[in-house]
Structure formats: structure tokens, C-alpha cells
Amino acid sequence: MRISFNWLSKYIKLKISPEKLAEKLTSVGLEVESIERLGGQFDNFVVGEIVSVRKHTNADKLTVCLVSVGKKRGSTADDILQIVCGAPNVTAGQKVAVGLVGAVVPRNQHDPAGKPFTLGNVKIRGEESSGMICSEYELGIGEDANGILVLDPSAKVGASLAKHFGLDDVVFEIGITPNRPDCLSHIGIAREAAAILKGKVELPRVHIRENAEQISKEFSVDVRNPEGCPRYSARLVTGVVVAPSPQWLQASLKSVGLRPINNVVDVTNFVMFEFGQPLHAFDGDLIHKKKIIVRNASDGEKFVTLDGIERTLTASTLMIWDADRPIAIAGVMGGMNSEISASTTSVFLESAFFNPSSVRKTAKRLGILSDAAFRFERGTDPNTTVDAVDRAASMLAEIAGGQVHRGVIDVYPKKIKDRRVRLRTERVNKLLGTNISAPSMKKMLASIGISTQSKSKGVMLCTVPTFRPDIEQEIDLVEEVARLHGYTKIEDKMMSNIDFSHRSSHGDALAQLRNALCGLGFNEVVTNSLIDQTLVKPFSPNVVEIKNPISKDLSALRPSTVFSMLQAVYHNINYGNGDLKLFEIGRTYEKVAKEIPTAFIQGYKENGVISVCMTGKRNTVSWNSSGRSIDIYDLKGVVQALLDKILLDKFQFIYYDSRSPLTEETIVVEKDGTYVGFLGKVKADLLKKFSVESDVYVSELSISELVQTQKKFKMYVPPTKFPSVRRDLAFIVAKDVLFEAIERQVVLEGGHLLKGVTLFDVFEGKPLPEGKKSFAISVELNSAEKTLTEDEAAKVIDRVVKGVSQAFGAELRSSS
Amino acid sequence: MPDIADNLLHDIAELRGVAEHTASLIASADDLEKYRIEFLARKGSVGQLFDRLKSVPIESKPAIGKELNALRSFLDSLYLSAKEKIEKPGGEKGQFIDLTLPGRGEAIGTVHPITQTLQDIVSIFVSMGFGIVDGPEIEDDYHNFEALNFPPDHPARDMQDTFFIENDVLLRTHTSPVQIRVMKEQRPPVRVVVPGRVYRNEAISARSYCLFHQVEGLYVDKNVSFSELKGTLVAFAKEFYGSGLKYKFRPSFFPFTEPSLEMDITCFLCSGKGCRVCKHTGWLEVLGAGMVHPNVLKNVDYDPEEFTGFAFGIGVERTTILRHGISDIRLLFENDLRFLKQF
């Protein structure tokens, strides 16, 4: 909300700089977000008076003028400048706009592009010239370049031009929170300023000369929905001449960001920004049968609003009607059919109080953002309608030459009274942790228009004016006291039992996983959980969709982090980073049947997952090794390391699972038969959707499954004191024999002495026969009781070799 | 002539000592060559001793010969080890080792700056005795708005543009609904923080994103006051931003707290002089807070006369951007390696 300092000064004496005022307003909750100085383009321009003129001796078209520009500081004599002027209309005695030396003239009328230029002391054909008498064009306020701008004779010589135009203003942008509709006007802000500055608000004095027929004899108002419209006040002004508003009114409206339209519309806007009461002006001659009816529309009815858009109404839309047709959407926007036009002479002014929630529903449904709806939906003051309409009528009489008809139509069947709220002083101090006395509280409340009455000891009854709809209960008064007392003055007490002695990083499983992955060289990413639904739907049946997405590419919640991970991969490859090791700890989302019990919202499930992604080269290329491309075993190693850390040996890998819609070469991770997650190579068609060309390996594991299993304390197993025996064995087997099967057989045959099996080579090709491969494994044997003899070791190895040979038709290629 | 043999044995022992001492002083190739000529050359000391062997009686020759051979191989070994010593560091004959070649191995990974900020914030409150709780991102209207004192059709709802999934189901716009969930689960005292992801249906720009993270805090007990709220926030801010911090509180509005406040701290980039980041005000808004509204307490069946409490919310992205001088919030979600690796 824009508030003009000059405008504000109409209602309260401000002996304080705008900056200081801004600081004070902010300290009571009216946050001044920015301060803008207007009129800066007229720095170094003043009002001057032409004292004398004479013809330039060396140029026919030039005049040499002596111009008074007021008194110099510290001098009693007027400062007289000699200025050479080329305008035909220059004569002595004129009040003119003078640019002093150093002024930047907004537009150069001798330059086709009209570029600005800076004035200096110059000699024009031998005559000194110190400044410039400007045209409307040069000042940038009009298009007339044929002569100098002649100011009103009342203009004050020496005054700054900005001040003369009413442009020397400071405008605050104030962030008004939705609970303070009373502050959406200059009088509202003045009230707050008065409370802070201990000043007094002077409301505008309204004198209306009523000199035409009683309004009620001409017009009638019938409110058929008093709930939607608890009060409807109106005045009639006729004989109005629609014209542009006077300079000061235009400047006021411009300062708060409004575009001046004509005197009638401008007056209604001015009063809205003055009182906070939205007004609507109808062309009285266009109101059929001079009848106003306030009632709802019917479903499907059409109506064209002021902005020329046809709107479809519903039975819950409150409308203003004349005898035959709707003429405005109540509190939201007027209609084309009764709009003020250049030929309007009769103005019917509406000043009503509409139900906030009704206005909000209508404005929201129709998507209309109007200054009126903005105020009505936050809550206007039902007891201001008549003051506001009186003010507008008197202004119309004054600036548009209208005649105000006698009386006000005021349909207000049930007066809305000031609210009474009880306040306990002890409660205030307990909640705030303060020790404010009852009399100070009374004083503070009185400063914002809340009168108090002592009831019993420690209890006061507060009368809250109707312009403060936000104050409904005791806590609201506590807040008023707190902000007027000043947040700064309230002591910063510590919670009694705070101390920092236990500051430590909480070592939960997630932190462990995160540290482990960082240790493995992975970079954590945080990706958007919103994604394009058309991308994910082919891969997942239960996608959660957003009803009102910002855009199509953010129209669903991700069913898997793989999708958002691929976006990160795409982005990095685009920027030339093709070697990626990324991980994310995040959530996935899915729709589930309503009957299935979920943790929170029925029908929706959120799963915490950790996802790991690898692509590009295994190692960064270094000076004596070239990077090898990442394959599934690299990812498997990482996942295994993580699972080892968290799940110990409780997990199983399930191979050759073809269920995963996202990956191939998929390995599923289970824990006691429960699904934990998967790893695999992203399928080509999915990669294509993300325009990624390199192979990408991903894994997604459920955090809840990982964390549940984590043991708090790991039990220590002492290492054996006796040396291990190692034997290397190479078996030749058929190509399709799985290593896992061989390993299982080795473990089975090895018995309790076998402590480890390590695969150290896999070989295919010559000299091995076609269709064969060799697995070279290293077997570790160890006993907890004694050093194993050659014989004991050999016995185990023989058993292993025999067992593997029998089970797989394997042939021992070598042993050592 | 036993004394010829004895003399020779004596000289062998003596030469061993002299050579050992000389070898220990070898520091250059020149020294090494001098050593070789003095002791090992054909006319050197060892050679001279071998010459004297001729005059040794036949019965003593084998023993003394053995001694001489031992002497020569000892002096040879001295020569070789001295040679190795002077040639090793960059000598022209040995292998040249360039210790300036880059080390091998991989860089340690990085934790995302959002996570780092979140962890830092949470750990401070944990050390103050706050527990950590979690809640759903897919929420219902009741928890996200209604129970938090946002009446239906109230303009306060405009403060938080919402993504809807169904009429009544939405993506939470703040972590505050977890307040309701926690309080419905337990009786006071309640002292928790809620870190989590929230969503706003706003156009994506350098300053705003469709989602962000918050850390919500809630403390409800008997006699919790506004004064303690301020104290707690100041304690947090000093721990997080540094103890020299300047701060101010100003009234604000949130439907679920009253009185409400916003906390500003002196801009740490310009020390309050005014810069682009603080929009030339010298202040940075860092969090919002307030006393839990009695209506909210009533909604969870707490008696507002018996219990009072405070709640606060800290924006993690905003905090991250400020403390790392990041100009565009979108960088946080692009996950560009060149960005991530800086943290």
C-alpha cells in the first residue's frame, strides 16, 4: 500500500522526517518496505518571475530576460538572473519555470530524440545566459514546445518547481498485513502515526451545500440481502461536468500509483485512499426507473464489467440492480452499462458495507483484483459509509460543479456496534513477561481509539471501534499493548533450562549415510519434488497430481527420485560435467487406496528415500590412469558399502528382477523378505526423455527400512590370534554359471574354517574354450583355536574343489 | 716373522676405521671420487696392503688374506652406500622423482548447502532441549489452515499461495501444521523443532521458488512468555550468526500467533550500511514468530488459560542464500556440480 507523506500531512502535523516516521511505523507493525522520493527530476528548477525583457541585439528571435528567482539564502535581495530566451510568448510579469545552472532538462526540444541535457553558464550571440525558461515539453509534463510554460500568477517566486507542482513528495510502500484493513487508507495510517507520535488526527472538514431535491424523492434503494450488504448509503449529485481533475488531485492519485481518469472517478478513488471506504459512482441517468436493488444474481447470468469482460454469475454473487438489470458486482466492480462517461451529468454515489467473505468468494471466483474488493474482503468500517459519501459529494460540488441533493439514502437495518472485549492486566503481563501498569495500558489503548472502563480489580472492559475488525478477543488486545509498548522494551529472557553444554551433532542414521556417501566422494543434491506428470505417468500408475500447477512441467509429485535426479544429471552434462556421483535424501509420493492406513493423510503415502546416482568415468582421469566408465558393479559396490554400514549382513540382493519400470540390470534389495529398494541402469527410453545420452546408474533405498534395522550398539567380536591360510583357486565353468552360486557352494563346502571368499579375476576367451569362463577366487581359512596345519587346510580345499567341480562341472584351472 | 703379520692386521683394522670415517664425510661426487682413489684404486691404501701380503709368512697368509678381502668388500660397500646417498635426491644417474605431480585419489563429496544450514539450525535448538519431529508434505486443509486459525475465505490465506491435490488435500505451505499434529499427540510441555519441505504456488524467479525448507519451532508449557520467545530467538541468532550480532523485533501478523513478530538482524554483508542484499535498509529479515494463538491451543484441547507457548519459523533457503552470498535461489535446486563442490 502506497502512502504519500504530503497526503498524510493533511490529517496530522508531522514534525518528523519521513525516514524517522517510517522507522516508527515499522516498529508498531506497519512495515515500511521502501521509501520513494518524488519530484527528483525537478531538482534545480524553481519558480521565477520575469522582471524585464529586451530584444537581443544580434538576433531577431531572441529575447534577453531578467528573471527573479527569489531570495538567495542569507540575502535580502532577490537573485536576478539574465536568461536569453527564444520563445515568442515571453513577456515581463510572467511566472515561469526556470532551470538553474546545473539543472538537467528532461527533454531537449532541439534534439530529435529529445535527450536530456545539463544547463551551464553560456554566451548566446554575445549575451550571457545563466539558466533557461522552460516549455512544457522540456519539463516532460506536456507536448507543447511552441512557447514557454506560463505558471499561475499565484505561484511563489523562488519555490522549487517540484513543490509548485505538488510533486515534492515522499511515498512509503507499507506492507499492510491482512489483519489491518483499517490501515489501507491515509486516515488509517494517520491514526497509527498519532498514537506513536502522541499527536491528533484532524479529519477533513466537510461542508455540503445541499441545493437540490431530496434524494429519496428521486431514487429508492431496496436491500434484499441484508446479510451480504448490511449497510447501503448513497448520495446524488447532478449538474456535474465531467473533466480532468485539478493538478493537486491528479498529483495525489499519481503519488499512490493511481492513474487519473476524470474528476468523478478520481474523487471516488481519492476518498477510498483517504477513508479506506470504497465508493462507486453510477451515471444516475442510466439507472433504470431510478431504482437500486441489492440482491443476488441467478446461476449462469452474464454481466459485462467495467473492464469490458463478460462475467458469468452464480446464485451466490451479490449484485447491484436497477429496475431491469444488474449494474454492478457488489463490492467488486461496476458494470459498463452504468459507467461514468464524458456526457454524464448525474452521479449516484454508492458507499456501502458489504460482507467481507461474500466479496472475497466472488472476487476470487471471478479472478478480479480491484482496490475495492481488496478492502471489502479484509473488512471496511460499517460506520464510515456516510462520512465518506459526504466527503465525495462535497468534492464533486467543488471541483465538478455539481449540485448535491438533499439528504442521504442510508439503508442500515441493524447497526453494527463497537465490540466490547475484556482485558486482564495480569494476563497481559504474564503472556508478555512484562510489568506494565493498568494506567499505561489504558493510555496505550486510548491512543488507538479503544476506550476502557475498569470493571473489577485487574479487569478492564475495552470498547473497540468498528474500524478494527481484527480485535475480537483478549489476545488481540494483548498484541496491541505489546506493539505500542514496543517489542524492544520487552526483556529478552532465556528459557529457564537452556544451556549449550550438550551441543553435539545428533548421530542419526541419516547423518551416517550422508557422511558415508560424502566419504565415498558423492555430492549431495536437493532437487525439486514437483515434476511433469506426462514424464512420470508412463512409469508409475499412482502419481499424485497437482490440481493447480504453476506450469505443466511442475504438475505432479515425483513417484521416484530417479526422475529429479535425471534432471540434475542432464543439467550437469549440459554444463560439461559428465562424471557425476550424486546422492539425495528426499521423499517420493504415491496415491494409495483410501482403505489402506497411512501415517497421515488418507489416500496418500510419502516415502523417505536415499538415492544414489553415478554416471561417466569411474575415476577422474589422472596423470597415469585414464578413467574407466562406470558400470553396474561400481554402483553395487557403493550400495553394498552403505548397506553394510547400516544393515550389517541382514540384506539380500535379488537378481534378474524385471519388475523395475525405470531400470535394467536391476538388482532388488530385500531385508528379511521386505523390499528395501533397487539399483540398476536407467532404461534407454527414460534417459531419452531427459535428453541424457550416457549410461546412468541409480539406486533408491527406503530410509524407513534402513533405519528401523539399525542396531544401537554393535557387539564386538575378537579377531583370532592365529594366522590365516590363503589359497587361490581358478575354476573353469560354463559361461552362464553365476558367481553367487559358486560362492554359495564354496561357503557350504568350506565349513566353519572358511572365513572369506574373494573373487579376484574373471576371465573369458583364449586359451579357454568357447562358452567357458574362469573365476579366480581367494579362499581364507582360519581357526579360532589353533594354527591350521598344511593337512587340515588341504582337506578343506579338497572338499571345496570337489564340491564346486561336481555341482557345476567345473574344472580346476590352477591352484596355489 | 710374526710381527709382519701382526703389523698388517693392525693396519687393516686401522684402515677400516679411517675409511669408515672418511666415507661418512662424503657429501659430493668429488668427495666420492677422492675416497675411491685413496682407498680403492689399484694404487690405493687397500692395494698397498694387498702388496704387503706377499711378505707375510705362508702359514699366516690365508687368515690375513681373508681379513683383507673382508676389508675390501667393506670399503666397497661404504663406497656404494655413499654413492647412493649423494645421488638419490635428484642426482643425474638415479630415478628422478617429481614430487610436484598431483596426488592420486578422489575428492571427498559434499553436503548440500541447504542440508548444512538445516543441520546447523536444528543442532542449536536440539542443544537447547528441543526434540525433532516430522510431518507429511501432503496435508489437509484442516491442519494447514483451519486449525491454525486461518478461517475459510479469509484474506490471510492469500499470504500463502497453495498447490491443491484435491479440494481438501494440498501441499503444505509451511511446517506449522506439524504443530497441530504434535499437540494433538501429547500434553504439554511440548518443545520441538520441525525441519521440512514446504510448497508455494508462486512464479519461480531469482528470489522465490515453488518449494523451500523451513525449521518450525514450538514450545508450550505453563508460563511461557513473549519475553522468553525473544530470549530464545536472540540466543539462537547469536549462536548461529555470531555473538556480536545486532537485532530488532517488529510486530507482524500470522493468523496462528498473537502477538506476532518478525526478527531483523544487521545485514552482515554491509554491517548495516545498506547494500543490495538488504535492499539498502541495513537490516535482514531472518525469521517470523509469535505467541501461539489461543484459538490454536483450543483447537488441540489445550486450555489457553493454563498453557501458553511460542512458535517460530525459519526459512532455510533464505538463510542459506544470505550466509553464502548466493544471488539466485534457483542455484540451490539446479545441483550444478560447480556449485555443489564449493560447499
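The values are calculated or read from the model by the stated rules, or taken from the named source; none is laboratory data. These numbers were taken from a predicted model, which means no experiment stands behind them. Every residue, glycine as well, gets a Cβ built from its backbone with ideal geometry; the counts of neighbours run over all protein chains shown.
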Would you mind finding the one in B:A5, B:A19, B:A23 that is in contact with a Pro (Cβ under 7 Å, 6 or more places away or on another chain) and crowded, with 16+ Cβ neighbours inside 10 Å? B:A5
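Please verify whether B:F145 is at the interface with chain A (Cβ under 8 Å from one of its Cβ atoms) and surrounded by 22 or more Cβ atoms within 10 Å (Cβ to Cβ), treating the condition exactly as stated.
The answer is no for B:F145.
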Determine which member of the set A:L484, A:L445 is at the interface with another protein chain (Cβ under 10 Å from one of its Cβ atoms) and either within 23 Å of B:F253 (Cα to Cα) or at pLDDT below 95 (or both). A:L484
Scan the range A:21-79 for residues that are of a type in the set (K, R), farther than 27 Å from A:A162 by Cα and in contact with a Gly (Cβ under 7 Å, 6 or more places away or on another chain) and report the count. 1
Out of the residues in the range A:61-90 meeting the condition of being among the aliphatic types (A, V, I, L, M) and within 53 Å of the chain's Cα centre (by Cα), tell me which one is nearest to A:G158 (Cα to Cα). A:V69
From (1) touching a strand residue (DSSP E or B) at 6+ places or on another chain (Cβ under 8 Å); (2) part of a loop (DSSP other than H, G, I, E, B), pick out the condition that doesn't hold for A:F760. (2)
Could you list all residues from the range A:385-402 that are surrounded by fewer than 24 Cβ atoms within 10 Å (Cβ to Cβ), in a helix (DSSP H, G or I) and not charged (D, E, K, R)? A:V386, A:S394, A:A397, A:I399
Answer from B:G242, B:G282, B:G288 - the residue that is surrounded by fewer than 22 Cβ atoms within 10 Å (Cβ to Cβ), more than 10 Å from every other protein chain (Cβ to nearest Cβ) and more than 23 Å from A:M494 (Cβ to Cβ): B:G282
Counting only helices (runs of 4 or more DSSP H) wholly inside the range A:136-216, the ones holding at least 2 residues that are of a type in the set (V, I, T) are A:186-197
Breaking point among (1) under 20 Å from A:L423 (Cα atoms); (2) more than 11 Å from every other protein chain (Cβ to nearest Cβ), for B:E305: (2)
Exactly one of B:V193, B:V122, B:V126 is in contact (Cβ under 8 Å) with a residue 40 or more places away in the chain, surrounded by fewer than 20 Cβ atoms within 10 Å (Cβ to Cβ) and either assigned to a helix (DSSP H, G or I) or under 24 Å from the mean Cα position of the chain (by Cα) (or both), and that residue is B:V126
Do the conditions hold for A:R224, that is, is it among the charged types (D, E, K, R) and in contact with a helix residue (DSSP H, G or I) (Cβ under 8 Å, 6 or more places away or on another chain)? no
Under 23 Å from A:E670 (Cα atoms), surrounded by 13 or more Cβ atoms within 10 Å (Cβ to Cβ), in contact with a helix residue (DSSP H, G or I) (Cβ under 6 Å, 6 or more places away or on another chain) and not small (G, A, S) - does that describe any residue in the range A:710-724? yes
In this structure, does B:R42 turn out to be of a type in the set (K, R), at pLDDT below 85 and more than 60 Å from the chain's Cα centre (by Cα)? yes
Failed criterion for B:I138 (all others in (1) surrounded by fewer than 16 Cβ atoms within 10 Å (Cβ to Cβ); (2) over 22 Å from B:Y219 (Cα atoms) hold): (1)
Could you check the range A:179-219 and list, in sequence order, the residues that are under 18 Å from A:I409 (Cβ atoms) and hydroxyl-bearing (S, T, Y)? A:S216
Pairs where the first residue, in the range A:502-520, is under 20 Å from B:P113 (Cβ atoms) and more than 8 Å from chain B (Cβ to nearest Cβ) and the second is exposed (fewer than 12 other Cβ atoms within 10 Å of the Cβ) and at pLDDT below 75, C-beta under 6 Å, 6+ apart: none
For the range A:1-111, list the strands (runs of 3 or more DSSP E) that sit wholly inside it and hold at least 3 residues that are of a type outside the set (G, A, S) and away from every other protein chain (no Cβ under 14 Å); which are they? A:45-55, A:63-71, A:78-85, A:95-99
Please go through the range A:588-608 and pick out each residue that is under 27 Å from A:I630 (Cα atoms) and either of a type in the set (S, T, N, Q) or modelled with pLDDT of 95 or more (or both). A:T588
Every pair of residues 6+ apart whose Cβ atoms lie under 7 Å, when the first sits in the range A:593-607 and is within 11 Å of chain B (Cβ to nearest Cβ) while the second is assigned to a loop (DSSP other than H, G, I, E, B) and among the hydroxyl-bearing types (S, T, Y): A:Y604/A:T598; A:K605/A:T598
Out of (1) facing chain B (nearest Cβ under 9 Å); (2) in contact with a helix residue (DSSP H, G or I) (Cβ under 9 Å, 6 or more places away or on another chain); (3) in contact (Cβ under 8 Å) with a residue 60 or more places away in the chain, what's the single condition that is false for A:G578? (1)
Output the residue which, of all residues in the range A:537-572 that are part of a helix (DSSP H, G or I), over 22 Å from B:T162 (Cβ atoms) and out of contact with any Leu (no Cβ under 8 Å at 6 or more places or on another chain), is nearest to the other protein chains (Cβ to nearest Cβ). A:H571
State whether the residues of the range A:616-634 include one that is assigned to a strand (DSSP E or B), within 14 Å of chain B (Cβ to nearest Cβ) and either buried (at least 20 other Cβ atoms within 10 Å of the Cβ) or under 44 Å from the mean Cα position of the chain (by Cα) (or both). yes
Residues that are of a type in the set (A, V, I, L, M): list the helices (runs of 4 or more DSSP H) wholly contained in the range B:1-90 that include at least 3 such residues. B:2-24, B:45-53, B:61-87
Hey, B:S208 hits all of (1) more than 7 Å from every other protein chain (Cβ to nearest Cβ); (2) touching a strand residue (DSSP E or B) at 6+ places or on another chain (Cβ under 7 Å); (3) assigned to a loop (DSSP other than H, G, I, E, B) but one; which does it fall short on? (2)
Selection from the range B:206-232 of residues that are acidic (D, E) and under 27 Å from the mean Cα position of the chain (by Cα): B:E216
